[in-house]
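Everything on this sheet refers to the single structure shown next.
Rule-based calculations on the coordinates, nothing more; no lab input. These figures come from a predicted structure and were not determined experimentally. Here the Cβ positions follow ideal geometry from the backbone for every residue, glycine too, while neighbour counts run over all protein chains shown.
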Amino acid sequence: MDKKLFVRALTRFFAGVLIVGALLFIPAGGFAYRWGWLFMGLLFVPMFAAGLVMMAKNPALLERRLNAREGEDAQKAVIAGSALMFTAAFVLAGLNWRFRWVVCPTWLVILGAALFITAYALYAEVLRENEYLSRTVEVQEGQKVVDTGLYGVVRHPMYAVTLVLFLSMLLVLGSPLSLIPMLAYPALIVRRILNEEVVLARGLPGYADYMKKVKYRLMPHIW
């Protein structure tokens, strides 16, 4: 085991736990926000398990995801916009719990949790299918076009899954009001996809042919 990689991954993981926890529980006025705890568990327990699996079976993939630094200016803007969007969504969720602006029924939160877990499982499948998947838009050494599995349905299955993942997150948090900042996500993801395809078509052999083979980017028969 690469101890340095393990420590970096663990440090990044707990930093994420602290940041998301602060954004949820400080606006909520304390730790009584039970849907916040549910979301933290659904998000970070599978993430921790996935990190251990990558550490054991594919440390190179884990390292690529930890070293993610965008080189494209368009993608830097998308990352900054996404950070603001999630910050606003989490803070609004905490405030919604604290002041009871909109109270979600428990069954709706449970439905959101089921959707979230399903989307998380699909996200794991995307990671399994594409070993070159990175958090940044880049062409890696030795990278090949993946056109099977979910990649045979749409060109960007990871982004398709995140649409379900992030929208179900609002239900898990019991905060429909958080949809307001999250409405920016489709525009952000469209911008990221269009720039990513330019980069891949330019630098990844076979990707231009793949774009002709798989016509839809995000949703079959829609876009």
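Each residue of the range 39-51 was assigned a 3J(HN,Hα) from its phi angle through the Karplus curve 6.51 cos²θ - 1.76 cosθ + 1.60 (θ = phi - 60°); the sequence is 4, 4, x, 5, 7, 8, 5, x, 4, 5, 5, 5, x Hz, with glycine and proline shown as x. When the Cα positions of VAL172, MET55, ALA201 are compared along the charge dipole of the chain, VAL172 comes out farthest toward the positive end, with charges on each C-beta of Lys, Arg, Asp and Glu.
Taken one residue at a time, the phi angles of the range 54-61 give Karplus couplings (6.51, -1.76, 1.60, θ = phi - 60°) of 5, 4, 7, 9, 8, x, 5, 5 Hz. Gly and Pro are set to x. In this structure, ALA56 and ALA15 have a Cβ-Cβ separation that, at R0 = 22 Å, corresponds to a calculated FRET efficiency of about 0.50. Cα convex hull, the chain: 124 Å³ per residue, rounded to a whole number.
Charge dipole of the chain (Cα centre as origin; +1 on each Lys and Arg Cβ, -1 on each Asp and Glu Cβ, all else neutral): 280 debye, rounded to the nearest 20. Along its principal axes, the range 137-201 has C-alpha extents of 44, 23, 19 angstrom, given from the largest down. A straight Cα-to-Cα reach below 25 Å connects LYS57 with the lysines LYS3, LYS4, LYS144, residues fewer than 8 places away in its own chain not being considered.
Order by neighbour count: TYR210, TYR33, fewest other Cβ atoms within 10 Å first, most last.
In increasing order of surrounding Cβ atoms, one gets TYR210, TYR33.
Once both labels are positioned 7 Å from their Cα atoms along Cα-to-Cβ, the gap between ALA80 and ASP2 label points is 3.0 nm. A simple rule links phi to the HN-Hα coupling: the Karplus curve 6.51 cos²θ - 1.76 cosθ + 1.60 with θ = phi - 60°, which for the range 149-165 gives x, 5, 6, x, 9, 9, 6, 10, x, 4, 6, 4, 5, 5, 4, 5, 4 Hz, with x for Gly and Pro. Footprinting exposure proxy ranking of ARG202, ARG192, ARG98, fewest other C-beta atoms within 10 angstrom first, gives ARG202, ARG98, ARG192. GNM on the chain, alpha-carbon springs under 10 angstrom: the most fluctuating residue among VAL20, VAL103, VAL91 is VAL103. Rounded to the nearest 10 degrees, the inclination of helix 3-28 to the longest alpha-carbon principal axis of the chain is 40 degrees.
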